[in-house]
Amino acid sequence: MKKEFSVQTHSTSELIDITQEVEKAVAACKVKDGICAIYIPHTTACVCINENADPSVQSDIRNTLDKLIPRDAGYDHAEGNSDAHVKASIIGSSRIILIESGRLLLGRWQGIYFCEFDGPRKRKVILKVLGS
Ligand code: ZN
């Protein structure tokens, strides 16, 4: 089953917790045992799974990426958002999460984060839920 939802981002660089939206979509599919593929159809945004307890983890991820891959570092790409392309490529545009007993098999401290690197924009998240 394919599901989609949109995410409105509010700044250039932002990690947005989408765990509840993904859980809701998986529950609607009524799959008890399977997998959920999360796919981001954008070139300057991506998805990661990381700690959802301390919000400073998300700012540390953003700040570290900004240090490693500065916004203005003399890139060839004329659009001015090469840092966002590089960050999105490194993190990746998809994740797969196992489903057991109808629920995402996330660790206690794990959340799913939509990663914006060239916002603000209206973005799309696509899910494919497979199983029985
Ligand atoms: Zn570009």
Query raised in the report: Excluding Gly107 itself, what net charge comes from residues whose Cβ is under 15 Å from its Cβ, given Lys and Arg +1 and Asp and Glu -1?
Result: -2
Query raised in the report: With every protein chain left in place, what is the accessible area of Thr64 in Å² (1.4 Å probe, nearest 10)?
Result: 70 Å²
Query raised in the report: For the range 17-131, what is the largest minus smallest coordinate of the Cα atoms on each principal axis, given in angstrom and ordered from greatest to least?
Result: 50, 28, 20
Query raised in the report: At a 1.4 Å probe, what is the % contribution of carbon and sulfur to the accessible area of the range 17-131?
Result: 51 percent
Query - Phi to ³J(HN,Hα) by Karplus 6.51 cos²θ - 1.76 cosθ + 1.60 over the range 31-47, Hz, x for Gly, Pro - result: 8, 8, 9, x, 9, 10, 9, 10, 10, 10, x, 9, 9, 10, 9, 7, 9
Requested in this report: Report the charge-dipole magnitude of the range 1-47 in Debye, nearest 20, computed about the Cα centre from +1 at each Lys and Arg Cβ and -1 at each Asp and Glu Cβ.
Outcome: 260 debye
Requested in this report: Arrange the peptides 107-120, 10-23, 47-60 so that the one whose residues have, on average, the most other Cβ atoms within 10 Å appears first.
Outcome: 107-120, 10-23, 47-60
Query raised in the report: Where Lys and Arg each count +1 and Asp and Glu each count -1, what net charge lies around Ile126 among other residues with Cβ under 9 Å from its Cβ?
Result: +3
Query raised in the report: Relative to the longest principal Cα axis of the chain, at what angle does helix 19-29 sit, 0 to 90 degrees, rounded to 10?
Result: 40 degrees
Query raised in the report: Setting aside same-chain residues fewer than 8 positions from Lys122, which lysines have a Cα under 30 Å from its Cα?
Result: Lys2, Lys3, Lys24, Lys30, Lys67, Lys87
Query raised in the report: For the range 17-131, what is the charge dipole size about the Cα centre, in debye to the nearest 20, if Lys and Arg each add +1 at the Cβ and Asp and Glu each add -1 at the Cβ?
Result: 500 debye
Report summary line: Note, the range 60-76: 3J(HN,Hα) by Karplus (6.51, -1.76, 1.60, θ = phi - 60°), whole Hz, Gly/Pro = x, goes 5, 4, 4, 5, 5, 4, 5, 5, 6, 10, x, 4, 10, 10, x, 6, 7
Requested in this report: Round to a whole angstrom and tell me the spacing of the C-alpha centers of the range 6-51 and the range 55-97.
Outcome: 18 Å
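The values are calculated or read from the model by the stated rules, or taken from the named source; none is laboratory data. Small disclaimer: the values here were computed from a predicted structure and weren't measured. No Cβ is skipped: glycine too gets one built from the backbone with ideal geometry, and neighbour counts run over all protein chains shown. What goes into the accessible areas is simple: the full protein's heavy atoms, side chains included, and nothing from ligands, DNA or RNA. Shrake-Rupley method; radii C 1.70, N 1.55, O 1.52, S 1.80 Å.
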